Amino acid sequence: MAKIISTHSFRGGTGKSNTTANLAVLVARAGNRVGVIDTDIQSPGIHVIFQLAESRVERALNDYLWGKCRIDEAAYDVTAAAIGNFDPDSERPRIFLIPSSINVGEIGRILKEGYEVGRLNDGFQRLVTDLKLDYLFIDTHPGVNEETLLSIAISDKLLLVMRPDAQDFQGTAVTAELARRLEIPEMLMIVNKVPPGVDIAQLRERVEKSFQAEVVALLPMNNEIVRLASSGIFVNRYPDHPMSLGLKQVAARVMS
């Protein structure tokens with residue numbers, strides 16, 4: 001039975017897409033078939049982390065939402081770039097990416113005309129079936145809108161990514177409350193960009209008390225991810241980095 005994992009943050013800049021991409025790679029490495037879908041249609045970007053060139057993208061999520069193609073026709077096998085050393089004749093591991101279009105005109109059309117949100121839900125289910133997925137990661141749009149609520153509502157696990165600052169504490173509380181009302185089976189907290197010198201135990205206690213949810217990782221602010229500049233998978237480049245070790249803990253929790 002496939003598991004659907006939504007990764008969400010109340011605002012941009014939390015590292016949500018990087019977190020999603022790295023977790024998807026770690027879960028795929030464990031021998032799974034993994035899908036990653038970019039539903040941040042207004043500001044897509046996870047394809048850059050997977051090094052999927054714009055020239056290679058003939059179909060995107062937008063085309064499916066407008067009825068121009070099947071959802072699996074917008075899926076790209078990025079296993080070679082994301083994992084590297086794998087048996088191309090084996091069905092596992094595999095990782096597929098469904099990007100959103102970065103064409104300005106198409107983004108503008110989505111903003112102006114919208115689309116049938118129910119079609120997005122159908123797409124999630126078709127992806128799981130057509131690609132024989134073990135896990136589907138949904139990289140959501142920050143904040144709260146209809147698409148985000150749909151993604152959260154159908155998830156087996158919700159990963160809430162936040163920074164340890166006052167704005168994120170306040171905004172994340174809104175999402176956490178919505179998740180509870182939607183009766184999400186499991187909500188897990190990831191605190192990212194934790195500055196050096198912070199009392200980790202005290203921060204963990206504060207987050208868990210505020211949101212009544214388990215903190216599965218506190219990821220450090222670091223220069224390495226700044227230098228990487230979203231041009232690849234962090235856990236591949238820095239496998240022994242404290243951030244990578246934290247992400248491995250989250251991946252294990254996702255698969256538990």
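Evaluate the following for G114: is it out of contact with any strand residue (DSSP E or B) (no Cβ under 8 Å at 6 or more places or on another chain) and without any contact (Cβ under 8 Å) to a residue 12 or more places away in the chain?
When the stated conditions are applied, G114 passes them.
Can you name the residue in region 38-74 that is closer than 24 Å to M243 by Cα and not in a loop (DSSP other than H, G, I, E, B) and is also farthest from the chain's Cα centre (by Cα) among such residues?
V48
For region 183-200, which residues satisfy the criterion of being open to solvent by less than 70 Å² (accessible area, probe 1.4 Å), among the aliphatic types (A, V, I, L, M) and without any contact (Cβ under 8 Å) to a residue 40 or more places away in the chain?
Of everything in region 183-200, those that are open to solvent by less than 70 Å² (accessible area, probe 1.4 Å), among the aliphatic types (A, V, I, L, M) and without any contact (Cβ under 8 Å) to a residue 40 or more places away in the chain turn out to be I184, M187, M189, V191, V194, V198.
Select from region 215-228 the residues that are open to solvent by 60 Å² or more (accessible area, probe 1.4 Å) and not in a helix (DSSP H, G or I) and list them in ascending order.
Correct list: M221 only.
Of everything in region 73-104, what is open to solvent by less than 10 Å² (accessible area, probe 1.4 Å) and under 9 Å from A28 (Cβ atoms)? Give them in sequence order.
The answer is T79, A82, I95.
Has region 189-204 got at least one residue that is within 20 Å of the chain's Cα centre (by Cα) and part of a loop (DSSP other than H, G, I, E, B)?
No - not one qualifying residue is present in region 189-204.
Looking at region 154-177 only, could you name the residues that are in a helix (DSSP H, G or I) and open to solvent by less than 50 Å² (accessible area, probe 1.4 Å)?
Residues satisfying the conditions are D168, F169, G171, T172, A173, T175, A176.
Among the listed residues V104, V174, V128, which satisfies the condition of being at pLDDT 95 or above and of a type outside the set (D, E, K, R)?
None of the others qualify; the one that does is V128.
Please go through region 104-142 and give me each residue that is among the basic types (K, R) and either under 26 Å from V250 (Cα atoms) or touching a Phe, Trp or Tyr at 6+ places or on another chain (Cβ under 6 Å) (or both), ordered by number.
K132
With respect to Q51, determine if the residue is open to solvent by 50 Å² or more (accessible area, probe 1.4 Å), closer than 18 Å to Y115 by Cβ and either among the polar types (S, T, N, Q) or touching a Leu at 6+ places or on another chain (Cβ under 6 Å) (or both). Talk me through it step by step, then tell me what you get.
Details: open to solvent by 50 Å² or more (accessible area, probe 1.4 Å): yes; closer than 18 Å to Y115 by Cβ: no; either among the polar types (S, T, N, Q) or touching a Leu at 6+ places or on another chain (Cβ under 6 Å) (or both): yes.
No: the conditions fail for Q51.
Could you tell me whether E146 is within 25 Å of Y64 (Cβ to Cβ), touching a residue at least 24 places away in the same chain (Cβ under 8 Å) and loosely packed, with under 13 Cβ neighbours inside 10 Å?
For E146, the condition - within 25 Å of Y64 (Cβ to Cβ), touching a residue at least 24 places away in the same chain (Cβ under 8 Å) and loosely packed, with under 13 Cβ neighbours inside 10 Å - is met.
Can you work out which of the residues in region 124-143 that are β-branched (V, I, T) and not in a loop (DSSP other than H, G, I, E, B) is least open to solvent (accessible area, probe 1.4 Å)?
First, the residues of region 124-143 that are β-branched (V, I, T): 128-129, 138, 140.
Checking which are not in a loop (DSSP other than H, G, I, E, B) leaves us with 128-129, 138.
Numbers: V128: 31, T129: 89, I138: 0 Å².
It comes out as I138.
Quick grid of which residues meet (1) of a type in the set (F, W, Y); (2) part of a helix (DSSP H, G or I); (3) open to solvent by less than 40 Å² (accessible area, probe 1.4 Å):
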{"residue": "F10", "(1), (2), (3)": "yes, no, no"}
{"residue": "A24", "(1), (2), (3)": "no, yes, yes"}
{"residue": "V27", "(1), (2), (3)": "no, yes, yes"}
{"residue": "V36", "(1), (2), (3)": "no, no, yes"}
{"residue": "G108", "(1), (2), (3)": "no, yes, yes"}
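May I ask you to say which residue of S244, S151, S231 is assigned to a helix (DSSP H, G or I), at pLDDT below 95 and within 30 Å of G84 (Cα to Cα)?
Criteria check complete, one pass: S151.
Answer yes or no as to whether F96 is in contact with a Leu (Cβ under 9 Å, 6 or more places away or on another chain) and either within 12 Å of L61 (Cα to Cα) or acidic (D, E) (or both).
no
The values are calculated or read from the model by the stated rules, or taken from the named source; none is laboratory data. Keep in mind that this is a model prediction, so the values were computed, not measured. When we count neighbours, we look across all protein chains shown, and the Cβ atoms used for this are built from the backbone with ideal geometry, even at glycine. For accessibility, only protein heavy atoms count, side chains too; no ligands or nucleic acids. Shrake-Rupley method; radii C 1.70, N 1.55, O 1.52, S 1.80 Å.
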